[in-house]
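Worksheet: one structure, shown below.
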């Protein structure tokens, strides 16, 4: 399986079981497409166009080429620079570690949309009876700034996939 195939599989499975349902996802993605259509050219150039087809702010290929063959994974809840180095060392030692998979997107902030993440998780909490104000208070209000793991993954050429919401 390639990195791109794995990403698309995880995205498809996440959408299949999403608590918002098919109609809810359609509305989210349509709203984003409409907003994108109203942007000025300069803003469009900076826009994360992946948001137009992927409703999850924390499901991203952080580093790596979609065609990279994946035969083995190193999976972490919140991997940091140490796990990036471990993935590289294991790979160089002959182990099948072709991809670092992260549940938490915080170590890889440049590809994460905190707004999308809070939107989904807040909606899920509200459906269970948590008031909207309290639901929003459960999540960080600013993007993480520590990019060491992400920078190291790029420098060492370690493919990384974040899969938090799915």
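The values are calculated or read from the model by the stated rules, or taken from the named source; none is laboratory data. It should be emphasised that the depicted structure is a prediction, and the values quoted were computed from it without experimental measurement. All Cβ positions, even for glycine, are placed from backbone atoms using ideal geometry, and neighbour counts span all protein chains on display.
List the pairs whose first member sits in segment 146-163 and is on the phi > 0 side of the Ramachandran plot, whose second member is in a strand (DSSP E or B), and whose Cβ atoms are under 9 Å apart, counting only residues at least 6 apart or on separate chains?
Going by the 9 Å Cβ cut-off, the qualifying pairs are 157/63.
Looking at segment 1-69, what helices (runs of 4 or more DSSP H) fall wholly within it and have at least 1 residues that are modelled with pLDDT of 95 or more, within 15 Å of the chain's Cα centre (by Cα) and on the phi < 0 side of the Ramachandran plot? Full working, then the answer.
Details: elements: 3-17, 21-37, 41-46.
So the answer is 3-17.
What residue, of 76, 72, 12, is out of contact with any helix residue (DSSP H, G or I) (no Cβ under 6 Å at 6 or more places or on another chain) and within 18 Å of residue 165 (Cα to Cα)? Steps first, please.
On the way: 76 fails: out of contact with any helix residue (DSSP H, G or I) (no Cβ under 6 Å at 6 or more places or on another chain); 72 fails: within 18 Å of residue 165 (Cα to Cα).
That would be 12, the only listed residue that is out of contact with any helix residue (DSSP H, G or I) (no Cβ under 6 Å at 6 or more places or on another chain) and within 18 Å of residue 165 (Cα to Cα).
Tell me, yes or no, whether segment 101-116 has at least one residue that is over 26 Å from residue 24 (Cβ atoms), touching a residue at least 40 places away in the same chain (Cβ under 8 Å), assigned to a helix (DSSP H, G or I) and within 17 Å of the chain's Cα centre (by Cα).
Scanning segment 101-116, I find at least one residue that is over 26 Å from residue 24 (Cβ atoms), touching a residue at least 40 places away in the same chain (Cβ under 8 Å), assigned to a helix (DSSP H, G or I) and within 17 Å of the chain's Cα centre (by Cα), so the answer is yes.
Which one of 90, 100, 152 is within 27 Å of residue 13 (Cβ to Cβ) and crowded, with 19+ Cβ neighbours inside 10 Å?
Values: 90 fails: crowded, with 19+ Cβ neighbours inside 10 Å; 152 fails: within 27 Å of residue 13 (Cβ to Cβ).
Just a single option satisfies the conditions, and that option is 100.
Could you tell me which numbered condition residue 48 fails, if it satisfies all but one of (1) touching a residue at least 60 places away in the same chain (Cβ under 8 Å); (2) in contact with a strand residue (DSSP E or B) (Cβ under 8 Å, 6 or more places away or on another chain); (3) surrounded by 14 or more Cβ atoms within 10 Å (Cβ to Cβ)?
Going through the list (1) touching a residue at least 60 places away in the same chain (Cβ under 8 Å); (2) in contact with a strand residue (DSSP E or B) (Cβ under 8 Å, 6 or more places away or on another chain); (3) surrounded by 14 or more Cβ atoms within 10 Å (Cβ to Cβ), residue 48 breaks only (2).
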